[in-house]
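Heads up: the structure comes next, in structure tokens.
The values are calculated or read from the model by the stated rules, or taken from the named source; none is laboratory data. Keep in mind the model is a prediction, meaning the values are calculated, not measured. Note that each Cβ is placed from the backbone with ideal geometry, even for glycine, and that neighbours are counted across all protein chains shown. Calculation scope for accessible area: heavy atoms of the full protein, side chains included, ligands and nucleic acids excluded. Shrake-Rupley method; radii C 1.70, N 1.55, O 1.52, S 1.80 Å.
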Amino acid sequence: MTDILKTEADREKSQTGNENGMQTAEQRRSQVANAVQEMLQVAERNGGIGQQVKTIAQAQNQNQEKLETSLQKIQNRNGFTKFFIGPNYGEINNAKKILEQNRDQAEQLNQLKNQLSNQGDEQILTEQLQLLEQANLEIKNSLNSSEKDFSLLGWMFRLFNR
């Protein structure tokens, strides 16, 4: 009887954790979407480099969606599977590649920002870049945490996924 109660408590704890994770993901999505909208407005006001800013901003938004989907797959992996095999290393590696793309695109935006003639637009772009970097850092930390979870055979699967 105690085992059944303990299992139910673990299940409820897991569901609460998943709900919190989903809320965090939704907040991150919202932040990124708002940042992208701000960047698109800056792009519309600036003719020459505006198209480049627009393209990068849209790519950031698409990458964010992919990252959140990957994170959800990683976090929703069955506990039994996590214990024996470990986290979804393939999905973690894909997410890390997307994070690297985001980092490169943020650097490009940073360079474009310096070409803007309007100080206000430059400040807006700086603020939005900081929001994007913060969202990426949160995802990176979550990936690192998932990757370090204990598993019996995880070391072997990690070797195959490198």
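Going by what's in this entry, would LEU131 be described as more than 18 Å from ASN76 (Cα to Cα) and not charged (D, E, K, R)? When the stated conditions are applied, LEU131 passes them.
Tallying residues that are touching a residue at least 12 places away in the same chain (Cβ under 8 Å) and open to solvent by less than 80 Å² (accessible area, probe 1.4 Å) within segment 73-83 yields 4.
Per-residue answers, yes or no, for (1) farther than 17 Å from GLU38 by Cα; (2) acidic (Asp, Glu); (3) modelled with pLDDT of 95 or more; (4) in contact with a Lys or Arg (Cβ under 8 Å, 6 or more places away or on another chain):
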position	(1), (2), (3), (4)
ASN78	yes, no, no, no
THR81	yes, no, no, no
GLY86	yes, no, no, yes
LYS97	yes, no, yes, no
GLN119	no, no, no, no
LEU125	no, no, no, yes
SER151	yes, no, no, yes
ARG158	yes, no, no, no
ASN161	yes, no, no, no
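In segment 1-40, the qualifying residues are those that are modelled with pLDDT of 75 or more and open to solvent by 90 Å² or more (accessible area, probe 1.4 Å), and the one that is farthest from GLU68 (Cα to Cα) is GLN37. Only one residue in GLN128, GLN123 is part of a helix (DSSP H, G or I) and in contact with a helix residue (DSSP H, G or I) (Cβ under 7 Å, 6 or more places away or on another chain). Which one? Within the list GLN128, GLN123, the selection yields GLN128. What about GLN60, is it of a type in the set (S, T, N, Q) and either within 13 Å of ASN136 (Cα to Cα) or in contact with a strand residue (DSSP E or B) (Cβ under 6 Å, 6 or more places away or on another chain) (or both)? Answer is yes for this residue. Which one is farthest from LYS148 (Cα to Cα) among residues in segment 84-105 that are open to solvent by less than 80 Å² (accessible area, probe 1.4 Å) and over 14 Å from the mean Cα position of the chain (by Cα)? The qualifying residue farthest from LYS148 (Cα to Cα) is GLN105. If you check ASN114, ASN61, ASN110, which single one turns out to be in contact with a Ser or Thr (Cβ under 9 Å, 6 or more places away or on another chain), surrounded by fewer than 20 Cβ atoms within 10 Å (Cβ to Cβ) and more than 22 Å from SER145 (Cα to Cα)? The unique qualifying residue is ASN110. Per the listing LEU132, LEU137, the residue uniquely at pLDDT 90 or above and open to solvent by less than 50 Å² (accessible area, probe 1.4 Å) is LEU132.
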